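See below for the structure under consideration.
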């Protein structure tokens with residue numbers, strides 16, 4: 001493996017502390033910047049990405065070659081690899097972020113008190129966002145762009161395997177910031193692949209980092225969640241359920257289940273468990289299972305499901321807790337709505353869950369009682385996405401209940417403060 | 001000191017884990033409870049507080065006697081002591097919380113996507129709130145009541161010095177819950193004064209606690225902020241500034257400064273530093289300083305302030321960083337608005353800051369650029385209070401930027417989730 005780190009290990013705490021101070025100072029400038037300036041930086045960044053395509057792809061080829069030389073596997077290589085089309089998508093995404101409304105221009109509440117005080121709650125940036133990601137180099141531009149739009153400084157820490165690609169993309173973002181007259185430290189890149197840098201970020205860089213967003217596999221998220229001394233926007237996993245309730249329309253259920261499981265199996269909103277109401281299992285279970293198997297999905301079922309189709313493999317208890325992220329699904333029969341809700345409460349991950357039902361009261365009960373960031377009625381769980389929610393883009397999906405929950409877009413990357421206007425009022 | 005703990009030290013982790021499990025189960029029941037039931041529990045709790053006044057005051061007398069026997073000081077005894085009037089205020093506060101609108105009944109956003117999906121963002125409880133407080137026994141009822149109103153389970157941990165008082169108040173809350181048919185674990189009291197219980201709470205009770213609210217002095221808050229493994233709503237200190245800008249009306253400034261500093265000196269919204277614009281120091285500084293000194297306030301000033309009044313003591317650098325919580329103020333002259341903002345950014349605590357000015361543009365600049373939870377124009381900083389903001393009551397004031405900022409009322413004790421209603425939509 002190439003030595004890509006420009007710093008020696010002993011320097012890491014000092015390098016990171018300086019990065020934190022720079023980001024904090026930049027955050028203050030960003031918080032006071034007009035939207036035109038932030039948008040100009042985003043558009044200039046997109047322009048530089050397009051103009052530097054050859055250099056970025058060359059840097060990426062270096063990363064891909066090194067990964068292959070280490071004998072890395074297929075899907076990892078796919079995530080790492082950039083091409084003209086993917087790079088154009090990265091640039092377009094920055095332009096689209098620039099087109100979004102300014103999340104800092106929002107007056108969230110405005111009211112007058114009996115004593116004449118006029119109180120406004122207005123959106124402000126969070127401050128400094130640390131983003132720790134793995135192989136996908138596009139995260140640098142997407143996450144950096146969303147932070148910039150929302151007036152937050154970003155500190156990016158990519159995986160060592162994508163270091164050259166990310167550095168090349170970051171140079172374009174920096175050029176955009178410079179052109180727009182914003183501090184380059186508004187989006188900074190950790191200049192070392194030393195793993196100690198991650199530890200420093202998780203400790204918060206002496207108060208400089210306000211929130212951390214991990215983007216990557218479960219082990220990265222688990223480490224960040226367990227070690228971070230600052231708030232984290234993340235989901236550990238998406239154990240996503242579709243419950244086919246007794247009144248479900250079979251054709252609708254088939255369409256939703258197929259899409260929820262098989263449209264893309266590797267995303268967090270992909271269904272991992274299908275629950276079928278015993279009251280409609282007679283008519284609905286067999287066709288749903290057959291459809292999944294015929295679409296290339298392995299089905300692991302409980303006794304009733306195995307009885308419905310000989311191709312079903314037995315589900316073990318751990319199957320109900322497993323996020324396959326693959327063409328595999330666990331299928332079980334439950335005794336009605338309450339049992340479905342209990343199952344989801346017991347095995348779910350509070351990410352996204354769906355009921356298929358023609359009974360409005362049953363659907364409302366499910367939407368109220370299932371304690372997940374996103375609950376759906378008669379729609380595919382693969383809609384669990386900031387773009388699909390109309391947020392423009394998302395930096396991730398959060399399953400925690402603090403501050404942000406569900407897709408985290410530019411609005412969720414803001415805080416607020418109170419502006420109070422008086423005319424000499426004093427407190428009695 | 002009496003041995004008040006009903007458990008032995010070795011039991012603490014097990015006792016606390018059980019408390020966490022109970023609270024988590026109760027939180028689920030609370031989240032689904034109608035507002036009528038939560039309000040009934042609050043009103044019944046208030047009724048029991050009034051009916052049990054004699055028993056509560058007797059328990060309190062026991063705590064006060066023990067504190068005096070230990071040689072405890074005056075203001076501490078005052079905070080600890082209950083009387084009929086204070087107890088009635090505690091009961092009335094529960095009734096007032098019951099009268100507040102239901103914070104869980106809020107649809108925060110509602111929109112339709114082009115594909116027909118109807119998306120709603122609705123308020124939900126946070127889950128389980130841990131409250132760690134010191135001598136004031138009323139915090140048990142106030143904080144427990146606010147959590148109950150907002151559908152959150154509360155775990156209360158009072159100071160050992162108020163153990164009997166808090167236990168007596170808690171018994172009334174429990175009776176109210178029982179009467180309303182809600183689980184008693186909705187408001188639980190740590191049944192031991194062992195300090196290890198606080199450590200267990202700060203570690204989150206195995207994921208049971210969603211947020212911790214410390215209520216007490218700076219050392220308690222500092223410990224909670226540095227050790228908690230879960231989010232904390234708190235402010236470490238309120239280094240609150242009043243800036244008298246060049247265009248300030250002197251009479252208005254005098255009224256605001258006097259109220260901001262002297263109405264009550266021991267609260268977090270009390271002013272600790274007065275900054276006077278050099279451009280109006282000639283006319284405004286001397287009368288402001290004289291007024292403060294004549295009101296019984298010690299003034300520690302910079303050179304210009306000392307020159308204005310011989311009674312001014314010299315301010316050292318640490319005075320600008322000090323929250324006196326007493327009749328003492330630091331006073332300095334600054335070179336205009338930008339210098340005032342810089343001073344506040346450097347020495348402030350992002351809690352509450354005020355500008356006195358007749359220049360609208362200067363005021364707007366101050367309100368935009370000072371990065372504090374509450375920024376005021378021409379009004380006393382002592383308005384930094386949930387009640388004064390119209391929140392009904394507050395569980396505390398937060399200076400962090402995550403989730404809650406400023407006064408934390410019942411709305412800030414909620415999270416949200418997305419309810420999505422479709423008619424068979426699948427993702428392309």
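Taken together, the values in this text are just the output of simple stated rules run on the coordinates, not laboratory data. All values reported here derive from a predicted model rather than from experimental measurement. Positions of Cβ are backbone-derived with ideal geometry, glycine not excepted, and every protein chain shown enters the neighbour counts.
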Measuring from label point to label point, each 7 Å out along Cα→Cβ, what is the residue B:313 to residue B:113 span in nm?
-> 6.4 nm
Taking the axis about which chain B rotates onto chain A, which residue of B lies nearest it as judged by Cβ position, and how many whole Å separate them?
-> B:403, 2
Relative to the first principal axis of the alpha-carbon coordinates of chain A, what is the inclination of helix A:218-227, with its axis defined by its Cα atoms, in degrees from 0 to 90 and to the nearest 10?
-> 60 degrees
Please work out the C-alpha center-to-center distance from segment A:48-91 to segment B:168-211 and express it in whole Å.
-> 54 Å
Using the alpha-carbon atoms, what tilt in degrees (0 to 90, nearest 10) does helix B:84-99 show relative to the longest principal axis of chain B?
-> 70 degrees
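Tell me, rounded to the nearest percent, the portion of alpha carbon pairs in segment B:341-425 spaced more than 15 Å apart. If you can, show how the numbers build up before the last one.
Details: 2323 of 3570 pairs.
Every Cα pair in segment B:341-425 considered, those over 15 Å come to 65 percent.
So what are segment A:147-229's ellipsoid semi-axes, whole angstrom, largest first, if each one is the square root of 5 times an eigenvalue of the alpha-carbon gyration tensor?
Rounded to whole Å, the semi-axes are 23, 16, 11.
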Please work out whether segment B:1-136 counts as rounded, prolate or oblate from its C-alpha gyration tensor, where a ≥ b ≥ c are the square roots of the eigenvalues and a/c under 1.5 means rounded, while otherwise a/b larger than b/c means prolate and anything else oblate?
-> prolate
For segment A:22-38 and segment B:242-272, what is the separation of their C-alpha centers, rounded to whole Å?
-> 31 Å
Got the residue B:345 label distances to the other copies yet, label 7 Å along Cα→Cβ, in nm, shortest first?
-> 5.0
For a footprinting-style exposure proxy, rank A:49, A:87, A:376 by other Cβ within 10 Å, fewest first.
-> A:87, A:49, A:376
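Quick one: order B:111, A:324 by neighbouring beta-carbon count within 10 Å, fewest to most.
B:111, A:324
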Report, for chain A, the % of DSSP beta bridges that are antiparallel, rounded to 5.
-> 30 percent
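Roughly speaking, what is the stretch gain from residue B:14 to residue B:339, that is 0.36 nm per residue apart minus the C-alpha to C-alpha distance, in nm to one decimal?
111.5 nm
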Regarding the protein assembly as shown, what whole-number volume in Å³ per residue does the convex hull of its Cα atoms give?
-> 174 Å³
Using only C-alpha positions, report the orientation-averaged shadow area of the convex hull of chain B, nm², one decimal.
-> 24.6 nm²
For residue B:290 and residue B:428, FRET efficiency with R0 = 51 Å and r from the beta-carbon atoms, rounded to 0.05?
-> 0.10
Packing-based exposure ordering (other Cβ within 10 Å, fewest first) of B:85, A:255 = B:85, A:255
Starting from a label point 7 Å past Cα on the Cβ side, list the distances from residue B:88 to the same position in the other copies, nm, shortest first.
-> 7.8
Over the Cα atoms of segment A:307-379, what is the Rg over Rh ratio if Rh follows Kirkwood?
-> 0.98
Helix A:163-179 versus the longest principal axis of chain A: what angle, 0 to 90°, nearest 10, using Cα atoms?
-> 50 degrees
What spacing in nm lies between the two simple spin-label points modelled at residue B:32 and residue A:203, each 7 Å away from Cα in the Cβ direction?
-> 4.5 nm
Per-copy distances of the residue A:361 label point, shortest first, in nm (7 angstrom along Cα→Cβ) | 6.5
Alpha-carbon Rg with Dmax, taken over segment B:240-388, Å = 13.4, 40
For chain A, what's the relative contact order in percent, using C-alpha pairs closer than 8 Å and at least 6 residues apart?
-> 18 percent
Pop the C-beta distance of residue A:358 and residue B:102 into the FRET formula with R0 = 30 Å and round what comes out to the nearest 0.05.
-> 0.50
So what is the calculated 222 nm ellipticity per residue for chain A, using -39500 (n - 2.57) for each DSSP H run with n of 4 or more, over all residues, to the nearest 500 deg cm²/dmol?
-> -13500 deg cm²/dmol
Euclidean distance between Cα centres, segment B:407-428 to segment A:409-428, Å = 24 Å
